[in-house]
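J.: Before I ask anything, here is the structure I am working with.
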Amino acid sequence: MAWFRAASGVARSALRRNLSQMPHHIARTRAVPSPTRCFHSTSFRPKAAPVPRPVPLSRLTDSFLDGTSSVYLEELQRAWENDPSSVDESWDNFFRNFVGQAATSPGISGQTIQESMRLLLLVRAYQVRGHMKAKLDPLGLENWEIPEDLDPSLYGFTEADLDREFFLGVWRMSGFLSENRPVQTLRSILNRLEQAYCGSIGYEYMHIPDREKCNWLREKIETVKPREYSMERREVMLDRLIWSTQFENFLATKWTAAKRFGLEGAETLIPGMKEMFDRAADLGVESIVIGMSHRGRLNVLGNVVRKPLRQIFSEFSGGTKPVEEGEGLYTGSGDVKYHLGTSYDRPTRGGKRIHLSLVANPSHLEAVDPLVVGKTRAKQYYSNDTERTKNVGVLIHGDGSFAGQGVVYETLHLSALPNYTTGGTIHIVVNNQVAFTTDPKSGRSSQYCTDVAKALNAPIFHVNGDDLEAVVHACELAAEWRQTFHSDVVVDVVCYRRFGHNEIDEPSFTQPKMYQVIRNHPSALEIYQNKLLQSGQISKEDIERIRNKVNSILNEEFINSKDYVPRRRDWLSAYWAGFKSPEQISRIRNTGVKPEILKRVGEAITILPENFKPHRAVKKIFEQRAQMIETGEGIDWAVSEALAFATLIVEGNHVRLSGQDVERGTFSHRHAVIHDQETGEKYCPLDHLLMNQDEEMFTVSNSSLSEFAVLGFELGYSMENPNSLVLWEAQFGDFANGAQVIFDQFLSSGESKWLRQTGLTVLLPHGYDGQGPEHSSARLERFLQMSDDNPYVIPEMDPTLRKQIQECNWQVVNVTTPANYFHVLRRQIHRDFRKPLIVMSPKNLLRHKDCKSHLSEFDDLIGHPGFDKQGTRFKRLIKDQNDHKDLEEGINRLVLCSGKLYYELDEERKKKDRKDVAICRVEQLCPFPYDLIQRELKRYPNAEIVWCQEEPMNMGAYHYVAPRLYTAMRTLGRGTIEDINYVGRAPSAATATGFYSVHVQEQTEIIQKSMQQEPIRYPY
């Protein structure tokens, strides 16, 4: 092997010259160096020569550990040989160690301290940069310059040194540097360094600032002998590779023109994943949640997750939707086959069973990442996996998306946060070396697509995708790392895409040279078969036997696919048994709570420990809350929310609230977690409702400053178990647009596309208070526009037959009373189905003098003092509060509005004594309350109809409400759509003005116009 290369570069020449001029042995008669040359703050003091003792490398805190300054080491040694007390004690011990070793090791042929240090630097260089010399590219197109610091001649070694023996032992180090390694020749050391670091796997781990973790990896990498698999293991790997390859070949033969985003060029992913899961199961993993994009998804579904092949083939033939709809057979709109998910139990090679679930996802690459992590965390909670060793998330990425999509970092960023960690995610990058048509040099600024993971101190294993055994080893090592250190790890499978982005794409348009090579490149299966055949460990007949078995099963499943009838939807895991799909009627339930329970939990959430010292303002807030509970008067927004959470918890439900600053609340209203002003200790009243309450049963957590990943995490969390109220709150409502992909691709359409229900609740602070364009609107119009109810058809509204909410994709509410907020939160749990809830939550109503409720509005007693006002459940529409009769012919204007604007309208009405104006609040905008709107239209037969909103005309609810209001009017003969009068801001590009004076003027005009004497007659 050619170890030595011609030196190049000015710096390299200078370093070589400096090394060559230095004597091996330096006389100890030189002058004491000046203190300015000392390492750190060395103090000069007379002392006896210290007894040599080992020094951990972690204490050698200068540039030695960077492996960059041999010159400095030589100068340091000169100083030490002249006077040991002139260098730092750690270096003194270091040099003494080597002197001692050289003196007591007769087998070492004249090894000097300088040579020992240079050899250490050489080993260090391989550990740090060996991956840059590794043979990672199966196509051989990689043209990286081999780092100069991997050349032994840089460290003063020559050909003559190759057969000299050297000792490398360093105290408390592993691998090549461990003290129990035998004396070796330089040639054998270099051979093993090359085998360990420059073969088919390139290891990046020296960025990890933890010696224990680095030593663990060194023990795995720097083994005395290269790894070898038994013949039995090799047969299993071969079988799995044949399955992976033949599956793609079969699909290509049967559906030549179909998009399937096949795995050709990366077939080793399948045996790698299966071996990883087998190893994980041996280490205690019981459930794995997988997220991945479309490339190779069908192969993973069929060969890893074990989705029935006949079902996959049936989907290729377009046969997934039942011919006749029926009870329990809701199929929604469906999605393309390479977006679908599923879950199955599969046996492992070690005789265990492991549950695998592949999460459905859209074409938005990496968007599924936080959902997988959230779902994994939920599985850990419900299975009491406090050690986080039984449930693991595995994410499969593309090279372009892993480097390019911001949600990757946002998700990585959650990995060590206390309320988001899952004990480590395993990341596998299917590195095609091209993203659709974009070369890496145009797709990222870093050398590797995986460099973002270094921010998390995750080890990264780059592996040549054509080397099956290397892929398997890297995958198994990743599983071992995750189970040992409970942190993220990355396997970068460097492969290629035999066809284009999909099978009907032409890649040679943009990568002609790459695809010239690919056309003549053997498959991973051919390479591995030839390797086994050459070794004599397997015969051609054995290979043919496996191939025939696989083809026989594929053909049999294809025949059966023609008669395949889809089973009942498979999203219902055990937790979801008994929940209704959209075509099944779910009985409407009351959400009130027994008065005695309200009192009991109300006291629990308002009392603080005796010795706890909160901030005086917070103490006053809790004293006021206690009085609210005691008297039943003036319940505000924060208390109503706490009561909703508390009552759900005592009923046995899990409640989780997360988002930016949710513990205190953006507007300093919630105070779910309070802080002792002297000790800093935290106290959460909702954690103390039950005896021995699980500390996670109520979870409230400030999140990282991320919307996309945190909302995705909570969505994934909510999908695991329906018996939980999971909420995400935006700091301000408009910040939700940072998570628009989650709303568009998952939350609004997930049930329709993938039959996955979720009861996730999203709180978006909304309201025009003069805070400018970024803190006023939660973009209500976007959520309403994504609603799928037909504006021109009134659905069945009879309470016993109504399926309106079940058939709608989500609910959008703009609630105006604490009691109604309490009931809408509890309604999320007290029903036989789950549906997302979007809440336009208030800001100034949090402390508004009139936005209060009586405790009786929260209970379940029919005829109670609050019954007439609230009833025992959520009110979709709140009628006028002036005690109007069922028919009020004297009312000449009916103002319909939503949200906090009601209180401003009501105040103006009182001011102008407009008893001829009725104001009704539409609390639930979607699905539209046709029955209650028609009730109010009948109540006021002579009233002109006004829709009033704060938002500009092109925003807010106007364009959603108008056609639905017209549909309600038309069936009653109340006029045309032109009879709906609009009062609100004019159309605008920005959501709100940035000038407070302009805001006040606009708001005043809206209020006054709504209450003007003359008819409004909009728009003419």
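The values are calculated or read from the model by the stated rules, or taken from the named source; none is laboratory data. Note that the coordinates shown come from a computational prediction; the quantities given were computed from them, not determined experimentally. Don't worry about glycine lacking a Cβ; one is built from the backbone with ideal geometry, like all the others, and counts go over all protein chains shown. For the accessible areas, the whole protein counts, side chains as well, though only heavy atoms, and no ligand, DNA or RNA atoms are used. Shrake-Rupley method; radii C 1.70, N 1.55, O 1.52, S 1.80 Å.
J.: Open to solvent by 10 Å² or more (accessible area, probe 1.4 Å), touching a strand residue (DSSP E or B) at 6+ places or on another chain (Cβ under 9 Å) and closer than 26 Å to residue 836 by Cβ: which single residue out of 965, 932 fits that description?
T.: Matching residue, one of 965, 932: 932.
J.: Do any residues in segment 926-953 that are hydroxyl-bearing (Ser, Thr, Tyr) have Cβ atoms under 9 Å from those of residues that are open to solvent by 10 Å² or more (accessible area, probe 1.4 Å) and assigned to a helix (DSSP H, G or I), where the two are at least six apart or on different chains, and which pairs are they?
T.: 930/804; 930/964; 930/971
J.: Further question: Can you pull out every residue in segment 673-702 that is out of contact with any Ser or Thr (no Cβ under 6 Å at 6 or more places or on another chain), under 24 Å from residue 818 (Cβ atoms) and open to solvent by less than 40 Å² (accessible area, probe 1.4 Å)?
T.: Listed by number, the residues that qualify are 673, 674, 683, 684, 685, 686, 689, 697, 698, 699, 700.
J.: Another one. Here's a check for you: in segment 935-993, which residue that is acidic (Asp, Glu) and touching a helix residue (DSSP H, G or I) at 6+ places or on another chain (Cβ under 8 Å) is farthest from residue 1008 (Cα to Cα)?
T.: In this case the residue turns out to be 979.
J.: Follow-up. Being hydrophobic (A, V, I, L, M, F, W, C) and in a helix (DSSP H, G or I): is that true of residue 894 here?
T.: no
J.: Pull up segment 588-613, narrow it to residues that are free of Cβ contacts under 8 Å to residues at least 24 places away in the same chain and in a loop (DSSP other than H, G, I, E, B), then point me to the one that is most open to solvent (accessible area, probe 1.4 Å).
T.: Filtering first and then ranking leaves 610.
J.: Select from segment 221-238 the residues that are surrounded by fewer than 18 Cβ atoms within 10 Å (Cβ to Cβ) and more than 30 Å from residue 542 (Cα to Cα) and write down the one among them that is modelled with the lowest pLDDT.
T.: In this case the residue turns out to be 224.
J.: Any idea how many residues of segment 614-624 are open to solvent by less than 40 Å² (accessible area, probe 1.4 Å) and out of contact with any Asp or Glu (no Cβ under 8 Å at 6 or more places or on another chain)?
T.: Of the residues in segment 614-624, 2 are open to solvent by less than 40 Å² (accessible area, probe 1.4 Å) and out of contact with any Asp or Glu (no Cβ under 8 Å at 6 or more places or on another chain).
J.: Let me ask something else. Considering each of 391, 384, 419, 432 in turn, give the residue that is among the polar types (S, T, N, Q) and more than 24 Å from residue 284 (Cβ to Cβ). Walk me through how you get there before you give the answer.
T.: Numbers: 391 fails: more than 24 Å from residue 284 (Cβ to Cβ); 384 fails: more than 24 Å from residue 284 (Cβ to Cβ); 419 fails: more than 24 Å from residue 284 (Cβ to Cβ).
It is 432.
J.: Same structure, new question: I'm trying to understand the selection: among the residues of segment 276-299, which are modelled with pLDDT under 90, part of a helix (DSSP H, G or I) and under 21 Å from the mean Cα position of the chain (by Cα)?
T.: Result: 297, single match.
J.: Then there's this: Which residues, counting only those in segment 278-311, are buried (at least 24 other Cβ atoms within 10 Å of the Cβ) and either among the aromatic types (Phe, Trp, Tyr) or on the phi > 0 side of the Ramachandran plot (or both)?
T.: Correct list: 296 only.
J.: Ok, one more. Which ones in segment 146-173 are in a loop (DSSP other than H, G, I, E, B) and either closer than 24 Å to residue 471 by Cα or aliphatic (A, V, I, L, M) (or both)?
T.: Matches in segment 146-173: 146, 162, 168, 170, 173.
J.: Checking residue 479 against (1) open to solvent by 10 Å² or more (accessible area, probe 1.4 Å); (2) in contact (Cβ under 8 Å) with a residue 12 or more places away in the chain, which single condition isn't satisfied?
T.: The one condition residue 479 does not meet is (1).
J.: Need pairs with beta-carbon distance below 6 Å; first residue over 15 Å from residue 935 (Cα atoms) and within segment 795-807, second assigned to a helix (DSSP H, G or I); sequence gap 6+ or separate chains.
T.: 795/804
J.: If residue 670 satisfies every condition in (1) touching a residue at least 40 places away in the same chain (Cβ under 8 Å); (2) out of contact with any His (no Cβ under 8 Å at 6 or more places or on another chain); (3) open to solvent by less than 40 Å² (accessible area, probe 1.4 Å); (4) among the charged types (D, E, K, R) but one, which is the exception?
T.: The one condition residue 670 does not meet is (1).
J.: Just checking, how many residues over segment 847-862 are surrounded by fewer than 21 Cβ atoms within 10 Å (Cβ to Cβ) and aliphatic (A, V, I, L, M)?
T.: 2
J.: So which residues in segment 736-752 are touching a residue at least 60 places away in the same chain (Cβ under 8 Å) and surrounded by 20 or more Cβ atoms within 10 Å (Cβ to Cβ)?
T.: 742, 746, 747, 748, 750, 751
J.: Being of a type outside the set (S, T, N, Q), surrounded by fewer than 18 Cβ atoms within 10 Å (Cβ to Cβ) and modelled with pLDDT of 85 or more is true for just one of 486, 462, 473. Which residue is that?
T.: On the way: 462 fails: surrounded by fewer than 18 Cβ atoms within 10 Å (Cβ to Cβ); 473 fails: surrounded by fewer than 18 Cβ atoms within 10 Å (Cβ to Cβ).
Among 486, 462, 473, only 486 is of a type outside the set (S, T, N, Q), surrounded by fewer than 18 Cβ atoms within 10 Å (Cβ to Cβ) and modelled with pLDDT of 85 or more.
J.: Restricted to segment 111-158, and to residues that are under 24 Å from residue 493 (Cα atoms) and among the aromatic types (Phe, Trp, Tyr), which residue is most open to solvent (accessible area, probe 1.4 Å)?
T.: Among them, the one singled out is 144.
J.: A further question follows. If I go through segment 201-244 residue by residue, how many of them are in a loop (DSSP other than H, G, I, E, B) and of a type outside the set (Asp, Glu)?
T.: Adding up the residues that qualify gives 12.
J.: Residue under question is residue 876, and the condition is that it be open to solvent by 10 Å² or more (accessible area, probe 1.4 Å), under 22 Å from residue 759 (Cβ atoms) and touching a Leu at 6+ places or on another chain (Cβ under 8 Å); does it hold?
T.: yes
Condition check ((1) in contact with a Gly (Cβ under 8 Å, 6 or more places away or on another chain); (2) open to solvent by 40 Å² or more (accessible area, probe 1.4 Å)) across all residues:
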{"site": "774", "(1), (2)": "no, yes"}
{"site": "777", "(1), (2)": "yes, no"}
{"site": "781", "(1), (2)": "yes, no"}
{"site": "787", "(1), (2)": "no, no"}
{"site": "812", "(1), (2)": "no, no"}
{"site": "835", "(1), (2)": "yes, no"}
{"site": "838", "(1), (2)": "no, no"}
{"site": "843", "(1), (2)": "yes, no"}
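J.: Let me spell it out: the conditions are (1) surrounded by 19 or more Cβ atoms within 10 Å (Cβ to Cβ); (2) modelled with pLDDT under 95, and residue 971 meets all of them except one. Which number is the exception?
T.: Just one mismatch for residue 971, condition (1).
J.: Does residue 178 satisfy being free of Cβ contacts under 8 Å to residues at least 60 places away in the same chain, closer than 19 Å to residue 217 by Cβ, surrounded by fewer than 19 Cβ atoms within 10 Å (Cβ to Cβ) and touching a Lys or Arg at 6+ places or on another chain (Cβ under 9 Å)?
T.: Yes, satisfied.
J.: Could you tell me how many of the residues in segment 185-214 are over 15 Å from residue 150 (Cα atoms) and surrounded by fewer than 17 Cβ atoms within 10 Å (Cβ to Cβ)?
T.: Total satisfying the criteria: 7.
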